């Protein structure tokens, strides 16, 4: 009885240590503009349109390849450390059992590409990872996709890939402009582009005469890509802006320039052209690293539209 109490105390201490570590990691990531969240399987499933699946049976899986959860992604951080005090009892009990070398049943995982999401067994994964265990037995269901999601990818990168797939399908660019090279480096940026296309569609349709066929969202998307996006990319190339921000993509810069256009338009009380906004970004933000950070927060309160 005394040894059991000692183990329980140790397990509670390990939980407190894991939760405190999660808080520090979250703070550190916040300070560099990154989140410390687990991926939501349902969001990935929806964005990638995952419908076909197959049972792979019992397998031994590397714990580091588990990047998300079905319904507990808010309870654990991206390192599968516990975030909530309410998890203590269950977490400590699992820890205590593993200390006693009790064999637990396999966890249940969903596989997408080369990564995994927990369907059942989040606490077991969390405790095992905290204890330095590298592999875990799991029942695996694989969801089939052509999108290349590889082991070792940062969770943000995986989420951005899924968002891109959703964007290309909604706009029709995947089928109609299959050679497009649009890429962003941060989650949420494709919503900005969808909002811009939606606004363009509304403007065009408002100018239609009575009886004229209204433009659909996919038609507006192709019009936007050919007549708005690509010309702006040419400006980015012409001014060599990408060389000033080597860790960003052309699409990142397109979004920055458009946000900066809006900021300048509000500042000066008149419409600002793309060339002027592009030049102002080079003059004001490319040389000073602190101004680069400032640029990220310019007009970040723009309205975001959700598309299902």
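The values are calculated or read from the model by the stated rules, or taken from the named source; none is laboratory data. The model shown is predicted, which means the values in this text are computed figures rather than measured ones. Heads up, the Cβs are rebuilt from the backbone with ideal geometry, glycines too, and the neighbour counts pull from every protein chain shown.
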_Matching option when the condition is assigned to a helix (DSSP H, G or I), in contact (Cβ under 8 Å) with a residue 12 or more places away in the chain and assigned by TED's automatic domain parsing to the domain that holds residue 132, among 34, 64, 54_ = 64
*In this structure, is residue 159 crowded, with 16+ Cβ neighbours inside 10 Å, closer than 26 Å to residue 52 by Cβ, out of contact with any helix residue (DSSP H, G or I) (no Cβ under 7 Å at 6 or more places or on another chain) and not assigned by TED's automatic domain parsing to the domain that holds residue 62?*
yes
_If residue 251 satisfies all but one of (1) more than 23 Å from residue 201 (Cβ to Cβ); (2) at pLDDT 90 or above, what's the number of the condition it fails?_
(1)
*asked:* Suppose the filter is in contact with a strand residue (DSSP E or B) (Cβ under 8 Å, 6 or more places away or on another chain), in a helix (DSSP H, G or I), on the phi < 0 side of the Ramachandran plot and in the same structural domain as residue 114 (by TED's automatic domain parsing); does residue 19 pass it?
replied: yes
_From the list 150, 218, 181, exactly one residue is under 26 Å from residue 43 (Cα atoms) and free of Cβ contacts under 8 Å to residues at least 40 places away in the same chain. Which is it?_
150
*What is the residue count in segment 176-223 for residues that are farther than 28 Å from residue 249 by Cα and buried (at least 16 other Cβ atoms within 10 Å of the Cβ)?*
1
*Are there any pairs with C-beta distances below 9 angstrom linking a residue in segment 187-199 that is outside any helix (DSSP H, G or I) to a residue that is surrounded by fewer than 19 Cβ atoms within 10 Å (Cβ to Cβ) and at pLDDT below 95, with the two at least 6 apart or on different chains, and if so which?*
187/35; 187/156; 188/304
_Selection within segment 36-71 - under 11 Å from residue 112 (Cα atoms) and crowded, with 18+ Cβ neighbours inside 10 Å_ = 41, 44, 45, 48, 50, 66, 67, 68
*Just one of (1) part of a loop (DSSP other than H, G, I, E, B); (2) at pLDDT 95 or above trips up residue 111, so point out which.*
(1)
_Being without any contact (Cβ under 8 Å) to a residue 60 or more places away in the chain, surrounded by fewer than 18 Cβ atoms within 10 Å (Cβ to Cβ) and in contact with a helix residue (DSSP H, G or I) (Cβ under 8 Å, 6 or more places away or on another chain): is that true of residue 90 here?_
yes
*Mind listing just one residue for me: the one in segment 122-145 that is in contact with a helix residue (DSSP H, G or I) (Cβ under 9 Å, 6 or more places away or on another chain) and in a loop (DSSP other than H, G, I, E, B) and, of those, surrounded by the most Cβ atoms within 10 Å (Cβ to Cβ)?*
145
*Would segment 27-35 turn up any residue that is within 16 Å of the chain's Cα centre (by Cα), surrounded by fewer than 18 Cβ atoms within 10 Å (Cβ to Cβ) and under 13 Å from residue 122 (Cα atoms)?*
no
